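Peer 1: Mind having a look at this structure? Questions to follow.
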Amino acid sequence: MRNAFLTLFYIFLLLNTGSRTSIVAPLVAAIVYCYFLLLKKMNSYTRIIFYCSMFAAGIIILFITLNNVSFSLSYLDQLTSGRILRQLSTINFLSNTNRLSFGLGNLNSGALYSGQLPISNALNTDNSPIFLITTIGLVGLFFVILSLMLIYLNIPSKAIFYKSLFFCWFVTSLFEHTLFVPSSLASLFFLVILQNINIADTKEKNLTSGRMYL
């Protein structure tokens, strides 16, 4: 019941963005949830077959995509409402001005696009990865990725709902800037829930440990 309420509340936060991300992110989370649920019921032999099949399917899809003459960067850019080329222009600008490694500085989005920054017209940061590269560079993005990996690894292995919620948050950040943003309700919601489940997991471990000594 609690997980159902959290799911509805999180989808409500996503719908408030008015973006297609609100459909894509929960869909990815649902796929991840079903994957982990299915994985728990598989033995090691079945898992190997499953992973090999997924890898082969991925190679086939990639091969078909690359050899499809109708597929082009402009078509992908059109599907993403012009995001792809805008992000590429931002990366090119940072590279040409020797700012790609460390970025412009750790600015918030308001300061980044204020009139006080003369180069703001050359920047387009529609999502968290590009925003982080723009502000703290590739070096900063590397440490953010490490932080995300630590967050994910600290989610209890049995908490597949929260693992799927993590992927929902991550996919959202690929289209919107929602990673570690104080003004983002989606980001704050996830971090608070994550902290709560870690506390609950610690209490459960302590309780189990205490029973062993009784």
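What follows draws every value from the coordinates through simple rules; no lab data is involved. Only a predicted model underlies this, so the values are computations on that prediction, with no experimental measurement involved. Every residue, glycine among them, receives a Cβ derived from its backbone with ideal geometry; neighbour counts consider all protein chains shown.
Peer 1: Between Ser147 and Ala30, what length comes free when the chain is fully extended (0.36 nm per residue of separation minus the Cα-Cα distance, one decimal in nm)?
Peer 2: Working: separation 117, 0.36 × 117 = 42.12 nm, distance 2.36 nm.
So the extension gain works out to 39.8 nm.
Peer 1: Could you check the simple spin-label distance between Ser183 and Ser95, using points 7 Å along Cα→Cβ, in nm with one decimal?
Peer 2: It is 3.0 nm.
Peer 1: Provide the per-residue ³J(HN,Hα) series for region 183-195, in order, calculated from phi with Karplus coefficients 6.51, -1.76, 1.60 and θ = phi - 60°, each as a whole number of Hz, with x at glycine and proline positions.
Peer 2: Per-residue couplings from phi come out as 8, 9, 5, 4, 5, 5, 4, 5, 5, 5, 4, 4, 5 Hz.
Peer 1: Let me ask you something else. Nearest 0.05, what FRET efficiency do Lys158 and Phe63 give at R0 = 35 Å with Cβ-Cβ as r?
Peer 2: It comes to 0.40.
Peer 1: Obtain the nm distance between the two label points defined at Ser53 and Asn121 by a simple spin-label model: each point lies 7 Å from its Cα along the Cα-to-C-beta direction.
Peer 2: It is 5.6 nm.
Peer 1: Any chance you could run the full-extension gain for Ser44 through Val139? It's 0.36 nm times the residue separation minus the Cα-Cα distance, nm to one decimal.
Peer 2: Full extension of this stretch gives 30.5 nm more.
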